[in-house]
4 protein chains.
Amino acid sequence: MSAASANTSTSGATATAAVMPGPGAPGESGRPCELREIPLPDLEPDSALLKVELSEVCGTDVHLRDGRLAGVPYPIIPGHVSVGLLDKIRGTITDVYGQPLREGDRVTFLDVHKTCNRCWYCLVAKASTRCPQRKVYGITYGLDDGLTGGWADYVYLKPGVRCIRMDGVPSETFMAGGCSLPTAMHAVERGDVTFGDTVLVLGAGPIGLSAVAFSTLRGAAKVLCIGAPSDRLACARAMGADDALDFTTMPESERRDWVRDLTGGRGADVTIECTGVPEAVTQAMRFTRDAGRVVVVGQYTDHGETSFNPHRDLNKKHLDVRGCWGSDYSHFHRSIEMLRTERAAALWSNIKPRRYPLAEVNDALAAVAAGEVVKALIVP
Amino acid sequence: MSAASANTSTSGATATAAVMPGPGAPGESGRPCELREIPLPDLEPDSALLKVELSEVCGTDVHLRDGRLAGVPYPIIPGHVSVGLLDKIRGTITDVYGQPLREGDRVTFLDVHKTCNRCWYCLVAKASTRCPQRKVYGITYGLDDGLTGGWADYVYLKPGVRCIRMDGVPSETFMAGGCSLPTAMHAVERGDVTFGDTVLVLGAGPIGLSAVAFSTLRGAAKVLCIGAPSDRLACARAMGADDALDFTTMPESERRDWVRDLTGGRGADVTIECTGVPEAVTQAMRFTRDAGRVVVVGQYTDHGETSFNPHRDLNKKHLDVRGCWGSDYSHFHRSIEMLRTERAAALWSNIKPRRYPLAEVNDALAAVAAGEVVKALIVP
Amino acid sequence: MSAASANTSTSGATATAAVMPGPGAPGESGRPCELREIPLPDLEPDSALLKVELSEVCGTDVHLRDGRLAGVPYPIIPGHVSVGLLDKIRGTITDVYGQPLREGDRVTFLDVHKTCNRCWYCLVAKASTRCPQRKVYGITYGLDDGLTGGWADYVYLKPGVRCIRMDGVPSETFMAGGCSLPTAMHAVERGDVTFGDTVLVLGAGPIGLSAVAFSTLRGAAKVLCIGAPSDRLACARAMGADDALDFTTMPESERRDWVRDLTGGRGADVTIECTGVPEAVTQAMRFTRDAGRVVVVGQYTDHGETSFNPHRDLNKKHLDVRGCWGSDYSHFHRSIEMLRTERAAALWSNIKPRRYPLAEVNDALAAVAAGEVVKALIVP
Amino acid sequence: MSAASANTSTSGATATAAVMPGPGAPGESGRPCELREIPLPDLEPDSALLKVELSEVCGTDVHLRDGRLAGVPYPIIPGHVSVGLLDKIRGTITDVYGQPLREGDRVTFLDVHKTCNRCWYCLVAKASTRCPQRKVYGITYGLDDGLTGGWADYVYLKPGVRCIRMDGVPSETFMAGGCSLPTAMHAVERGDVTFGDTVLVLGAGPIGLSAVAFSTLRGAAKVLCIGAPSDRLACARAMGADDALDFTTMPESERRDWVRDLTGGRGADVTIECTGVPEAVTQAMRFTRDAGRVVVVGQYTDHGETSFNPHRDLNKKHLDVRGCWGSDYSHFHRSIEMLRTERAAALWSNIKPRRYPLAEVNDALAAVAAGEVVKALIVP
């Protein structure tokens, strides 16, 4: 589709966007993002223009830069979770309560768009995250689709995009969690965390940290975290982890002993893998008690195979191992409902994002890739 | 424990039992079973003596012979599922309805004994199959525990053994399923088979065949089976499989295509792995649709590791992979309730067990090991 | 909306429809339906015209006639479940597999339309049957919406209507179940029927009969039915009921004894209420065992209050009582998947519908209201 | 059984116990409790004597006094949840981890004893709270069974009683919750409280207050409470209720409006009824949103019938109404695990129990009956 067909405004007004031109050669980091002026769209009926206040840089954006995701229509404007002000509305946009949104409202929007509600996955399997029509702002929408990422001063909210008013939720508190909020909530729910459980979180990136917090809020009696480096582990403790271990300091067998020592020799009731390392999936199985649950939410890109022993690690353990892909509107909505409570807001306020102007998105990407910051925010 | 402490009768009467003396050298099949005369026990209060009518030879017995299971107190009397007549009762034995059993009643009994109902696994995790006190007739009870296996003309039903009256269920129909009944019912329940589902069963041994039948009874719209050899596949079809594939005739990629062709390109909704081959677990993941369920019930012994891709095979697929270990009284009881119905009895009557006298247990073991018979029964 | 705005064809061609003009005075049966010629619509993009082969008359239609449902936009064309041939398609209509439907295809369609996938009930509660935008052909669509009921030789399938190809399912077998199929499947699923359960169905109308059949297909070991008259009970037996009781022959206390006698004194594991009588809900609670489940699917119209004892009938029994309203595409789709199997088709073929031409819809309504027929079909 | 057969010690030592001699005449409060000297038992193998530190007076004790419970073997020693020191152990008593308890350990014990793990309810339905063998200290054990209630300076822990060490949990914090802890945890779990839910608790007695706190800990975004009087509502707010309403100040219709105003017009997602008033069950249904859940845990005694409209209150609402009877070891164990966390301990520390010496149990009962205290504790 040409940019023109993507509904370009005839007014001549433009937005400034950071455009990711394409992935690098295999094994290299990608080409740097560059600022471009993109014509503002003529609004279709029941669409809107969002003036971006904050957008995020997450691990997925690093994968996008490095060409580790399939099906990305480069060039793209990254930035899938953002918050901002409704600048201009054409027609009517309502929230899920049927209330019309107004220009000037501070909102966020679900990055997932076009889940079809017509296909077998949507209607029979009720697994909308596997709907083939699903599009994601900043990831599977590209520049040809218009202003479809948050690393820009404006985002075009196409008809059907789902907005949520942010009354009572500070933008920075929300963006400190960002896309990790619905992802981690989904993972904790897939883990069937029960009152009194010990939850082990593998990984201390944004998803791991949010998984720690949601496990605490769900009624776990003990939350453990294995990750690195030490400042992230300190953050994990502040967000509810009762104990945290730097995995770089000891081999797998000692880590297993550490978990067992803290769980009466049994292993965790629920382990949530948020690492990105294939071997961590097998470790998660081994760190979990018999008849427990493992949620795998850290394998969003292909890092190759790993091996395990189906008898010892799975069948004899009577284990549940649950992949957790994406999230739907419900997770997004309920994450924000949780942030409206003081006790949840206090947890995420422990994450201190670093802010970058739009012109420094490449630095932001580098800082996230290097693990220098837990969360980088773009301030267009 | 000495045989004496195992409650030997002072009467001098004996039972004839086939005793498995111990496992063979690694990689070899074990030493042959031998007939021995075992003194009948003096009955403890609320115990009984069962006159065995039929006992079974299953794959686990082959594993026992070959030393592939841990924690087996050789020498043992194999035979964990049996049916017979209550020969002598001391005190009172009741069924779960509180009805006293009578001498002369035809019964079977749950091979699992001593689940403690006192430990963390029993009481908090409610995962009694992981109770450390759990003992199994014919497997983890040995000769020192007395007449604790079905390959004998008498079995000693210790206090607390749970018996079920077999009224309305022919002994051979029940024994045709034998231990595969509760195991496969448990697996099908773990698979959350839903009306309209396509269930794929990997393996056409007794557990696979029973999984086919229970899937049919549970409301699957289509049941597929991949196994061998052809007579077992014919049996699978008779027990409810809509289609069956001999895996020896084509490589894995073609088998996957076969499944996809029969499932609109998606893969099975539920796959139940009953093969004993580690690689089959990864295949099960690949043969299953996104957001589907895989039940692993075929990895009862350690055949080593296998590899998979956590991104492609698990996380992106949003898959549930569920190990399924053992079964409890509920599965055993409800299996027999099902066999009291005509439609279920008709399914299992398709399995034609071959009968062996006690003196030929080694032949029976060899026939089962070679896959020559679906089910071998011992007639003491 | 005027008929004109409902997209009237400019061709001058018409369909013959049986129109229900409005409800009668309170306590009376409504005014008779009358045949009218309705202009065929100009097809909107991605819509179609269905040539009706069979439509049904169900209990809801009697309630419609008698004004017992709220929010009905009389005059209406009743007939919510129908089967027919796609006569004319404008644009593209696909099934859930994304396959385009062709003119000439034999199909049915989900009567529920316009579930919005945008509101709190659709997206957060995931309870689409409570979506406020939901419209139902033949019930909450009226004549002003066009040809929106099956008692006509043509039905207008508006854009977004969901069609299913009927290959392999005879029209009459499907229509013998009709709207009771998804309703009863939903109820049986809400009942969490487990292998070995005894299911008690109260009521022997179409929903009750389909609940009997689905309970059988779901793995119940015993299905009981209390209803009337005797020919329906005979049908219940043919569809899988192990025993059936004519409730007109004995008082409630004796019916309870009958259930208890057949359930070891405990009551049914699951009771599915399909009667339309408020008192039956309390009876369902009393006929069910402690810690069992009651599904209430028979209270689709307001017949007033009933009383129960919250201590004895609910709290002390640790009972689950589950209302079951409507169904969604999944139930409809999977019902038809089930009918593609021989064992399910055989069950519903026991219902022998009586056929009526369009001109005799009032007779059909009278026969259904009087319980003279289990199922009446309209043949336009 | 005579007191002698209940294992009376031959030493001549006695315990002082408050004995409830029997219920009053219908409609009257019962006869006063009286102090008696009860011989200490000779300990059976694997039993123990507990020196009571604190025992509780709960609403059930008032019902016991007033003869509102069936099957109570008066005279009895009330006091079902207690904490104390293990004074004397004969043989071995272990906790669920298999660790032996020592004389001097501070423990509590599960009041439920003798759940049989042999009957249909225990083994097939897995509903141990409906096991017919179940006995409860202080309620269905009577004086003939020995020192079987906490209103005494010693309690006899029969073989099989399940003890939990209280390390890290102050006795008063635990006893402030007392029996309401496992009861309310069970109710909140039955309610399937989800992240973001609004939970409405009806009743502000001990169970209601604990339900408020557990809802908060489970991830509810908003917790509402309707009860009385104002000091209990203040306690509810301190324990996590976002808003609380005194039901004595407004009629039912206004209360419903209050709930709807706070829930976007829909009603609560989950309502937990903890009132003891039959009408409250119907109100709970009406105060809950469509497709929501109602848990009925306040109807522990028979206060008669109430009426509801099965169409409007249940079926059309697609509601789940779940009775919740008793609790099992798992709820008890996990309640205490939760109290080991700071955030849970802080919640229950808001309840300020009033202490009474053993000689004043009748005053304590009167204060609880009159609602003067939230929780009364007996200090023997």
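The numbers here are math on the coordinates, done by the rules we state, and not lab data. Values in this document were obtained by computation on a predicted structure and should not be read as measured data. Here Cβ is always computed from backbone atoms with ideal geometry, including for glycine, and neighbour counts include all displayed protein chains.
Things worth noting here:
- Largest mean-square fluctuation among C:Phe287, C:Phe214, C:Phe195, in a Gaussian network model of chain C whose springs join Cα atoms under 10 Å apart, belongs to C:Phe195.
- Gain upon complete extension [C:Lys126, C:Glu28; 0.36 nm per residue less C-alpha separation]: 31.4 nm
- Position B:Glu372: other-copy label points at 6.9, 7.3, 8.7 nm, ordered by increasing distance, label point 7 Å along Cα→C-beta.
- Computed on region C:32-105, with alpha-carbon pairs under 8 angstrom and 6+ residues apart, the relative contact order is 39 percent.
- Pseudo-label separations to other copies for C:Asp167 - Cα-to-Cβ vector, 7 Å, nm: 5.0, 5.3, 6.7
- Under-5 Å amide H pairs with C:Thr14, H placed in peptide plane, nonlocal only: C:Leu40
- A cut-off of 5 Å between modelled amide H atoms, ignoring neighbours fewer than 5 places along the same chain, links B:Cys225 with B:Val201, B:Asp243, B:Ala244, B:Leu245.
- FRET efficiency estimate (nearest 0.05) - Cβ-Cβ, B:Arg260 to C:Asp192, R0 35 angstrom: 0.65
- Here B:Lys352 is the anchor, and the lysines within straight C-alpha reach of less than 18 Å, apart from those fewer than 8 places off in the same chain, are B:Lys375.
- Choice from A:Gly71, A:Gly323, A:Gly149 with maximal GNM fluctuation in chain A (Cα, 10 Å cutoff): A:Gly71
- Candidates B:Leu181, B:Leu147, B:Leu347: whichever shows maximal mean-square fluctuation once chain B is modelled as a Gaussian network with Cα springs under 10 Å: B:Leu347
- The aspartates and glutamates within cross-link reach of B:Lys316, meaning a Cα-to-Cα straight distance under 13 Å and a gap of 8 or more places when in the same chain, are A:Asp302, B:Asp290.
- Rounded, prolate or oblate (a/c below 1.5 giving rounded, otherwise prolate when a/b exceeds b/c) for region C:28-79 by Cα gyration tensor: prolate
- Out-of-range pairs (alpha-carbon distance over 22 Å; input A:Lys317/B:Lys126; C:Lys135/D:Lys222; A:Lys135/B:Lys317; A:Lys222/B:Lys114; C:Lys222/D:Lys317): C:Lys135/D:Lys222; A:Lys222/B:Lys114; C:Lys222/D:Lys317
- Residues A:Val379 and A:Glu37, FRET efficiency given R0 of 25 Å [Cβ-Cβ distance, rounded to 0.05]: 0.85
- Applying Stokes-Einstein at 25 °C and 0.890 mPa s to the Kirkwood radius of chain D, computed over alpha-carbon pairs, gives a translational diffusion coefficient of 115 µm² s⁻¹.
- Label distances, nm, A:Thr249 versus same residue in remaining copies, Cβ-directed 7 Å point: 5.4, 6.1, 7.9
- Cα centroid of region C:17-77 to Cα centroid of region D:170-243, whole Å: 50
- Full-stretch length increase - A:Arg354, A:Arg106 - with 0.36 nm per residue and alpha-carbon distance subtracted: 87.2 nm
- Around the amide H of C:Ala152, modelled in the peptide plane, lie the amide H atoms of C:Ala18, all under 5 Å away and 5 or more residues distant in sequence or on another chain.
- Under 20 Å from a label point set 7 Å out along the Cα-to-Cβ vector of C:Val277, the amide N atoms of region C:362-376 belong to C:368-375.
- Nearest residue to the symmetry axis between A and C, taken on chain A by its Cβ, in whole Å: A:Asn117, 2
- Applying the criteria of a DSSP loop state and at most 13 other Cβ atoms within 10 Å to the GluC sites (Glu not before Pro) of region C:250-289 yields no site.
- Semi-axis lengths, Å, region D:289-380, gyration tensor of Cα atoms, sqrt of 5 times eigenvalues: 34, 21, 12
- Helix runs (DSSP H) in chain C reaching 27 Å along axis by Cα, Kyte-Doolittle at least -0.5: none
- Sorted largest first, extent of region D:190-256 alpha carbons per principal axis (Å): 31, 23, 19
- Here the alpha carbons of the protein assembly as shown define both size measures, Rg and Dmax, at 33.4, 107 Å.
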